[in-house]
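First up is the structure itself, then whatever we jot down about it.
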Amino acid sequence: KNQVEQSPQSLIILEGKNCTLQCNYTVSPFSNLRWYKQDTGRGPVSLTIMTFSENTKSNGRYTATLDADTKQSSLHITASQLSDSASYICVVSEANQAGTALIFGKGTTLSVSS
Amino acid sequence: NAGVTQTPKFQVLKTGQSMTLQCAQDMNHNSMYWYRQDPGMGLRLIYYSASEGTTDKGEVPNGYNVSRLNKREFSLRLESAAPSQTSVYFCASKGGVGEQYFGPGTRLTVT
């Protein structure tokens with residue numbers, strides 16, 4: 001069964017510190033992997049999208065990595081800010097005949113405190 | 001350019017009542033989607049529309065109907081609401097093979 005597992009479930013860090021969120025998936029055939037940020041009470045907003053051939057992609061202080069061989073991805077946040085407090089969702093796209101189907105992880109809730 | 005808009009933002013229904021959630025996008029996207037998000041679970045696809053005039057079931061379609069009114073609008077209807085349909089509903093749109101853009105969500109409570 002296609003699944004996306006994220007860890008940790010929740011995380012609390014001090015402002016200015018770095019952190020890394022993990023995503024493991026069993027989706028096949030693989031099309032791409034996305035990381036979304038979801039602020040409380042808002043819809044998810046895309047941070048990065050990576051295809052099979054991409055290992056790293058950055059968006060400001062956010063850097064995503066992808067190891068397609070081990071089916072693992074990580075999202076590294078550098079010099080965290082209070083505004084980084086949100087849920088981070090890993091989404092893997094399954095390539096199929098109808099187009100692509102998205103498999104969502106349950107998210108990691110990040111709290112950044114001052 | 002408002003992106004994806006949803007109405008209403010909040011709704012409370014009694015069991016058995018019906019309602020329609022509205023979604024519109026102004027990005028000229030072909031594909032539109034309805035998801036529900038429940039605590040401790042990832043977003044789950046209810047229905048999607050790959051293009052104007054077509055709709056298909058997603059992972060959790062029971063109790064819902066959809067209408068792709070035109071390229072811009074995709075509505076979700078609950079004919080007889082049940083407490084199990086208490087959730088946050090997100091509409092999204094996607095152009096080509098690009099990323100999905102999500103609306104702000106509708107928080108629905110069924111009592």
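FYI, it's all coordinate maths here, none of it is from the lab. From a predicted model like this one, the values you see are computed outputs, not experimental measurements. Don't worry about glycine lacking a Cβ; one is built from the backbone with ideal geometry, like all the others, and counts go over all protein chains shown.
Please report, to one decimal in angstroms, the Kirkwood hydrodynamic radius of the range B:40-111 built from all distinct Cα-Cα pairs.
Values: mean 1/r = 0.0755 Å⁻¹.
After inverting the mean inverse Cα-Cα distance, the result is 13.2 Å.
Could you tally the net charge around B:Y64, taking each other residue with its Cβ under 13 Å from the Cβ of B:Y64, Lys/Arg +1 and Asp/Glu -1? Before the final figure, lay out each step's value.
Details: positive: B:R36, B:R44, B:K57, B:R77; negative: B:D56, B:E59, B:E79.
After counting each charged neighbour, the total is +1.
For the protein assembly as shown, place one equal point scatterer on every Cα, skip the solvent, and apply the Debye formula. What is log10 of I(q)/I(0) at q = 0.18 Å⁻¹?
Reported log10 I(q)/I(0), two decimals: -1.34.
Kindly put A:I49, A:I77 in sequence by how many other C-beta atoms sit within 10 Å of each C-beta, fewest to most. Write out the running numbers ahead of the final one.
Working: A:I49 19, A:I77 23.
Arranged by neighbour count, lowest to highest, A:I49, A:I77 become A:I49, A:I77.
Which value results for Rg/Rh of chain A when Rg is the Cα radius of gyration and Rh the Kirkwood radius based on the inverse mean 1/r?
Working: Rg = 13.7 Å, Rh = 14.1 Å.
Result for chain A is an Rg/Rh of 0.97.
Count neighbours as other Cβ atoms within 10 Å of each site's Cβ, and list the trypsin sites (Lys or Arg not before Pro) in the range A:7-86 that are DSSP loop with at most 16 such neighbours. Provide the component values of the computation, followed by the final result.
Values: sites: A:K17, A:R34, A:K37, A:R42, A:K57, A:R61, A:K71; in loops: A:K17, A:R42, A:R61, A:K71.
Passing sites in the range A:7-86 are A:K17, A:R42, A:R61.
Any idea how far the Cα center of the range A:59-114 sits from the one of the range B:26-69, in Å?
What the calculation gives is 22 Å, centre to centre.
Counting other C-beta atoms within 10 Å, which of A:V112, B:V66 has the fewest, and how do the rest follow? The partial results should precede the final answer.
Details: A:V112 20, B:V66 24.
Taking fewest neighbouring Cβ atoms as first place, the list is A:V112, B:V66.
Summing +1 for each Lys or Arg and -1 for each Asp or Glu, what net charge is found among the other residues whose Cβ lies under 13 Å from the Cβ of A:Y62?
On the way: positive: A:R34, A:K37, A:K57, A:R61; negative: A:D84.
Local net charge: +3.
I want the local charge near A:G16. Using Cβ-Cβ distances under 14 Å, sum +1 for each Lys or Arg and -1 for each Asp or Glu among the other residues. Provide the component values of the computation, followed by the final result.
Values: positive: A:K17, A:R61; negative: A:E15, A:D84.
Surrounding charge for A:G16 is 0.
Over the range A:1-57, calculate the relative contact order: mean separation of alpha carbon pairs under 8 Å at least 6 apart, over the residue count, as a percent.
Working: 61 pairs, mean separation 15.7, N = 57.
Once divided by the residue count of the range A:1-57, the mean separation gives 28 percent.
Over the Cα atoms of the range B:1-97, compute the convex hull volume and normalise it per residue, giving Å³.
Details: hull volume 9.7 nm³, N = 97.
Once divided by residue count, the hull of the range B:1-97 is 100 Å³.
Tell me, what is the percent relative contact order of chain A, built from C-alpha pairs under 8 Å that lie six or more residues apart?
Values: 294 pairs, mean separation 42.4, N = 114.
RCO, chain A: 37 percent.
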